[in-house]
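As structure tokens, the structure follows; a few thoughts come after it.
The values are calculated or read from the model by the stated rules, or taken from the named source; none is laboratory data. This one's a predicted model, so the numbers in the text were calculated from it and none came from an experiment. Note that each Cβ is placed from the backbone with ideal geometry, even for glycine, and that neighbours are counted across all protein chains shown.
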Amino acid sequence: MQVPILKQGAYLIATVQSALTDEDLKQLRDTLVERVSVVRARGVIVDVTALDVIDSFATRTLRDVAHMIRLRGAETVIVGIQPEVAFSMVKLGLTLEGVATSLDLEEGLAYLDRKGKGPGHEVRTHR
Amino acid sequence: MNDSRKLATATEPRLESTASLLRELVAHLRQQRAQLREEWARLITEAKLLTAMTKEEIFAEATSVYDNYVEALETGTYEALQAYARNLSERIIPRGVETHEVVGIVLLLRDVLARSLFAKYHEDFTKLNRILDAYEPAANRIAITVAVGFVQERERIIREQQEAIRELSTPVLQVRERLLILPIIGVIDPQRARQLTEQLLRGIRTNRAKVVVLDITGVPYIDSPVANHLVQTVEAARLLGATVIVTGLSPEIAQTLVNIGVDLGKMNTVGDLQGGIEEAERLLGYKVVLTRESAAEPA
């Protein structure tokens, strides 16, 4: 199951639409990390609203995506984690440390907008 | 070998006679119904049981209990009696009837009936003994059935009430756009902790909250599992994009949190509820401005 990645202004939006296999996740990671500099995106949003389960591999991959994209000069925010999913993730010790999370797509966009305007934002100041 | 055969043959006619004795007993109780029922109702009033009910009500209930009692003796099955006991409990528990009263009246009935048996058979001591042998186990079983039915009904009501209290006990209140408060009062047991988590995470979603102030001023202490659960709730809320500010930690709770080695970088804590709301407003970008002189000052 391929995850569609849309470009919206300075942001890339990846909307997960069904359960992903480990292969799908790896592919999503590679595509996002590659595309982010191709389109010169300032931010990436991964929408996981459709996921009923987020396991340790998915968590690790999402964290890797966020860290890699930061190294590539953009921000990542994970949006739409369901309340039950969030709690079971925490129970398993999967807390997505150091990764920004938001309630939904709208909030994620607002978060990236704020980040972009913030003082001393690296991508911003270098432009 | 011989002995055991003798025993076996000895018990069989005895079993049969138990049944016939019970039949005789039931016939006697049916015949004496009006008088015994009267006597029983009088004893109930005298013993000051069922004070929450009027005389007429007591008499009406006494009549149906009596009939059910005799029927259970006759048929040896307790389902109908059980159902009746449940139904009766359902009606009388809300009126404040206590367990000792219910057990008391059933035992009184047992005594009344036993007395009437004494009166009837006092001339034939052997027969009386055999009648009592048949009567007593059945009567005790009836008393147990009614008492257990009553207690079970009571427990069911208590469970329902606990559920209701739980639901009332974790309010999620919106104080500003995107700011929720959860004031928690009383001890948090594991079940309440689970419910708190559920309410909080659901509240974040429905109210689109960015900041939640969890005030535990009213919580005297928590144990380690619950403390862990709280920390996990805070982390789960972060995954939904909300910040949780915990306020009003008592020294004991602070100690518990330190003992379980909570990562303080993940927990946002403020001394009291006011401070928590101020911090939340700061995070949300609110600025509260006093526009008038304080109303508390004399004019």
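What about B:Glu90, is it in a helix (DSSP H, G or I), in contact (Cβ under 8 Å) with a residue 60 or more places away in the chain and under 25 Å from B:Ile157 (Cα atoms)? Considered against the rule, which asks whether it is in a helix (DSSP H, G or I), in contact (Cβ under 8 Å) with a residue 60 or more places away in the chain and under 25 Å from B:Ile157 (Cα atoms), B:Glu90 comes out as yes. Determine whether B:Ala164 is among the aliphatic types (A, V, I, L, M), modelled with pLDDT under 85, surrounded by fewer than 16 Cβ atoms within 10 Å (Cβ to Cβ) and within 30 Å of B:Ile93 (Cβ to Cβ). So B:Ala164 passes the test.
Here is the figure for segment B:84-117: residues that are of a type in the set (A, V, I, L, M, F, W, C) and farther than 19 Å from B:Ile142 by Cβ total 1. When A:Thr95 is tested against (1) at pLDDT below 90; (2) away from every other protein chain (no Cβ under 13 Å), exactly one condition is not met: (2). Per the conditions (1) free of Cβ contacts under 8 Å to residues at least 40 places away in the same chain; (2) within 22 Å of A:Glu106 (Cα to Cα); (3) surrounded by fewer than 17 Cβ atoms within 10 Å (Cβ to Cβ), the sole criterion not satisfied by A:Ser56 is (2). A:Glu23 satisfies every condition listed in (1) free of Cβ contacts under 8 Å to residues at least 24 places away in the same chain; (2) surrounded by 12 or more Cβ atoms within 10 Å (Cβ to Cβ); (3) more than 15 Å from the chain's Cα centre (by Cα) except (2).
Only one entry of B:Leu7, B:Leu43, B:Leu50 meets the criterion of being part of a helix (DSSP H, G or I) and modelled with pLDDT under 85, and that entry is B:Leu7. On the stretch given as segment A:53-92, residues that are out of contact with any Asp or Glu (no Cβ under 6 Å at 6 or more places or on another chain), within 11 Å of chain B (Cβ to nearest Cβ) and not hydrophobic (A, V, I, L, M, F, W, C) total 6. In segment B:86-104, is there at least one residue being assigned by TED's automatic domain parsing to the domain that holds B:Ala147, surrounded by 14 or more Cβ atoms within 10 Å (Cβ to Cβ), farther than 22 Å from B:Ala52 by Cβ and not hydroxyl-bearing (Ser, Thr, Tyr)? No, because not a single residue in segment B:86-104 is assigned by TED's automatic domain parsing to the domain that holds B:Ala147, surrounded by 14 or more Cβ atoms within 10 Å (Cβ to Cβ), farther than 22 Å from B:Ala52 by Cβ and not hydroxyl-bearing (Ser, Thr, Tyr). Residues in segment B:112-131 that are touching a residue at least 60 places away in the same chain (Cβ under 8 Å) and either among the aliphatic types (A, V, I, L, M) or loosely packed, with under 13 Cβ neighbours inside 10 Å (or both): B:Val112, B:Leu113, B:Leu117, B:Ile131.
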